[in-house]
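Working notes, beginning with the structure itself.
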Amino acid sequence: MATTKLYVVYYSLYRHVEIMAREVQRGANSVQGVEATIWQVPETLSDIILQKMKAPAKAADVPEIRPEQLLDADGFLFGFPSRFGVMAAQFKAFFDATSELWKRQALTGKPAGIFWSTGFHGGGQELTALTAITQLAHHGMIFVPLGYTFGSGMFEMDEVKGGSAYGAGTYAADGSREPTELELQQAFHQGKYVAEITKKLKNDPLSP
């Protein structure tokens, strides 16, 4: 049976989404026959702006992805921080650069999930996901929501937890908060869940 290739593609300014992405990748790689690779989209801010924002250096072990490389994957998990309820401009710029793939509908039928980080409760934990789905729809990709497959963790009320039925999420607060153990468990679960669905679709593709 051929290996199922799943790409975890993210943008992270202060590493919150990067931490989530690595756990998503770990979950996807726990599925036999799946090879999950992690990528980051190019930065659009200048070095001087990043310095003024006190942004940490980008992960040296994660390569930047080019739009045409999406063709090599069987499925995706896209991760990004929220900006006013929508994905960060850096990730939107990456999607904007996929117009040649869109013209050919080259990504049609490929499953994709999404995960994110917001500053606080009203920062777009659901809206960021809802507005991101438009990118998938225009490419004909199949959105794979998390639903309530995470079980009791979806109903946690004793601690602050990001995420929703749309996907895994975390809160950054003022930047000092990092993803909690529960949020990382949900990210791992999402990676595994989407990987399993991607594998099924690859081995039993939909009829055209």
_Count of region 137-167 residues which are over 22 Å from Leu70 (Cβ atoms), assigned to a helix (DSSP H, G or I) and open to solvent by 40 Å² or more (accessible area, probe 1.4 Å)_ = 2
*Listed residues Thr180, Thr134, Thr170; which is touching a helix residue (DSSP H, G or I) at 6+ places or on another chain (Cβ under 6 Å) and either under 30 Å from Ala97 (Cα atoms) or open to solvent by less than 60 Å² (accessible area, probe 1.4 Å) (or both)?*
Thr170
*Can you name every residue in region 74-109 that is touching a residue at least 60 places away in the same chain (Cβ under 8 Å) and over 14 Å from the mean Cα position of the chain (by Cα)?*
Asp74, Gly109
*Does at least one position in region 44-52 carry a residue that is closer than 27 Å to Val160 by Cα, assigned to a helix (DSSP H, G or I) and aliphatic (A, V, I, L, M)?*
no
_Residue under evaluation Ala60, criteria (1) without any contact (Cβ under 8 Å) to a residue 12 or more places away in the chain; (2) assigned to a helix (DSSP H, G or I), criterion not met_ = (2)
*Name the residues in region 9-32 that are surrounded by fewer than 24 Cβ atoms within 10 Å (Cβ to Cβ) and either of a type in the set (Ser, Thr, Tyr) or assigned to a loop (DSSP other than H, G, I, E, B) (or both), would you?*
Leu13, Tyr14, Arg15, Ser30, Val31, Gln32
*Failed condition for Gln69, given (1) part of a helix (DSSP H, G or I); (2) within 28 Å of Ala172 (Cα to Cα), with all others met?*
(2)
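The values are calculated or read from the model by the stated rules, or taken from the named source; none is laboratory data. Since the model is a prediction, treat every value here as computed from it, not as a measurement. Please note: Cβ atoms are built from the backbone with ideal geometry, for glycine as well, and neighbour counts cover all protein chains shown. The accessibility values were calculated without ligands, DNA or RNA, using every heavy atom of the protein model including side chains. Shrake-Rupley method; radii C 1.70, N 1.55, O 1.52, S 1.80 Å.
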